[in-house]
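As structure tokens, the structure follows; a few thoughts come after it.
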Amino acid sequence: MSNSLDLLDELSADRPALSADEIDAAAKRIADIIEPTPLQFSARLSELTGAQVYLKREDLSAVRSYKLRGAYNLIVQLTEAERAAGVVAASAGNHAQGVAFACKAMGIKGRIYVPTTTPKQKRDRIRAHGGKFVELIAVGETYDAAATAAVADVERTGATMVAPFDDARTAAGQGTIAVEILAQLGTSPDLVVVPVGGGGCLAGIGTYLRARSPRTGILGAEPAGAASMTAALVAGGPVTLPEIDPFVDGAAVRRIGAVPYAAVAEFGSTVVSHGSLPLLIATQSPRGAGSFQMLQVDEGAICTAMLDLYQNEGVIAEPAGALAVAALAEIPIEPGSTVVCLVSGGNNDVSRYGEIIERSLVHRGLKHYFLVDFPQEPGALRRFLNDVLGPDDDITMFEYVKRNNRETGAALVGIELGAPEGLAALLQRMTDSPIQAEQLEPGSPAYRYLT
């Protein structure tokens, strides 16, 4: 475990416990500055699932994510002395924007530490929200380096740390989403799907639903490449993952917070394993309460959900924002039930759409890569196109791995199929051809290196 995580745990250790009453109080505190976000019925997802599916549009908040709720609820409770000392945060994303917005709204000085690798677009958004009240400080190349600097600032200056998830005040603010869902829906939903990163949002929403709508089921969806809540529930406490896939940056957290874990662990859990890895946590809920599950969602499925939301509903969701919608395709949904999916954020960089499309195609079985060893003779490439490639297949990448003076030999070839079921026929044509080809499997070292 890193030093910064140790220190952050110590700073949050004396916080009050999370409760539904505190979440109700948080809803009143934030009402003057945070407008309720829409709860929109989705005809497409309802038709696909047979349920009544609603999207809770946190991407339409003032900072395009739910993070403002927790940041504001924490900062607004500070004493006059604490306000005078200012606040500190470490974040390169949505939390930083929420803190900046809250600082400007309340006229409180804040220092936000970000990694030096943070894109200019994100830095500009943080400065725009915070104005003259926020100082942006770039330190180190990783979030952990920025978090370490932020903790040192707190110890040196006496400022208050605004934690992104590991603080009951932050989690209570995020739990106000559930307050709005129940008010807007006018009844108890059968299922609420919540994206999970550090766990604060799940802890807040789950705590409120358990108390105010106990028969509502809760599904926590986390990226398969950063399943820190699942790991914690399996281990019996927060653990630090040795490595993560950072693609779903809003939910790619190595270690969940102690405060969120304490809240979620109150539900009790039974591990259901798939192969050698625990993929699903099915909770034995308190008597009369709805189910609780943790589900890992493949990053490619998340990309597909992002593209579907954009193309059908016009929703620009970031990867973490599409997590809940992506989870719908992975679980059985009771026909006629009422389901709410949290679209947690919409701060997506348009430059990432190339990778998003790529990951979606791979996940859907439409994109495949091969190492093809072309014979050192004229016409080899043409024979490959005529004899191996199907009528609905396209070459989307062609790059010689090792060149010689004739520019022939082994090549990396990316092929997009017209339909997933076309792969078997393509592989058979490759087998029948004198040209040698090796398929690169997703996740293999060669695949990661070459693509």
Between Glu243 and Leu185, take the C-beta separation as r, use R0 = 35 Å, and let me know the FRET efficiency to the nearest 0.05.
-> 0.35
If you average the sequence gap of Cα pairs under 8 Å that are 6 or more apart and divide by the length of the chain, what percent do you get for the contact order?
-> 15
How many nm is it between the label spots at Glu155 and Ala235, if each spot is 7 Å from the Cα in line with the beta carbon?
-> 2.3
Between Glu416 and Ile331, the FRET efficiency computed from the C-beta separation at R0 = 35 Å comes out, to the nearest 0.05, as 0.75
Relative contact order as a percentage, segment 288-356, C-alpha pairs under 8 Å and 6+ apart, gives 33
Where a label projected 7 Å from the Cα of Glu377 along Cα→Cβ would reach, residues of segment 416-436 with amide N under 17 Å = 432-436
With 0.36 nm assigned to each residue of separation and the Cα-Cα distance removed, Ala265 to Ala62 gains 69.9 nm
(1) 4, 21, 30, 25, 15, 5, 0, 0; (2) 4, 20, 28, 22, 13, 8, 3, 0, 0; (3) 4, 21, 31, 28, 13, 2, 0: which one is P(r) over Cα pairs in 10 Å bins from 0, in percent as calculated from this entry?
-> (2)
Full-stretch length increase - Ala81, Tyr400 - with 0.36 nm per residue and alpha-carbon distance subtracted | 108.3 nm
HN-Hα J couplings of segment 386-396 from phi, Karplus 6.51/-1.76/1.60, θ = phi - 60°, integer Hz, Gly and Pro as x?
-> 7, 9, 9, 6, x, x, 9, 9, 10, 8, 9
Using unit Cβ charges (K, R positive; D, E negative) and no other charged atoms, how large, in debye to the nearest 20, is the dipole of the chain about its Cα centre?
-> 1060
Ser291 paired with Arg352, simple spin-label distance in nm, labels 7 Å along Cα-to-beta-carbon = 3.0
Ranked from fewest to most other Cβ atoms within 10 Å of their own Cβ, Ser65, Ser46, Ser344 fall in the order Ser46, Ser65, Ser344
Neighbour cut-off at most 14 other Cβ (10 Å), DSSP loop, trypsin sites (Lys or Arg not before Pro), segment 148-233 = Arg215
Lysine pair number, Cα distance threshold 22 Å (strictly under), the chain, separation 8 or more or different chains = 17
Pull up the DSSP beta bridges for the chain and report the antiparallel fraction as a percent, rounded to 5.
-> 50
Compute the length gained on full extension between Thr117 and Gln40: take 0.36 nm times their separation in residues and subtract their Cα-Cα distance, giving the result in nm to one decimal.
-> 24.1 nm
Please identify every one of the GluC sites (Glu not before Pro) in segment 119-170 that sits in a loop by DSSP and has no more than 12 other beta carbons within 10 Å of its own beta carbon.
-> Glu141
Residues of segment 162-187 with amide nitrogen under 15 Å from the 7 Å Cα-to-Cβ point of Ser19?
-> 168-169, 172
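Readers should treat all values here as calculations from the given coordinates under stated rules, not as data from a laboratory. From a predicted model like this one, the values you see are computed outputs, not experimental measurements. A quick note on method: Cβ atoms are made from the backbone with ideal geometry, for glycine too, and the neighbour counts reach across all protein chains shown.
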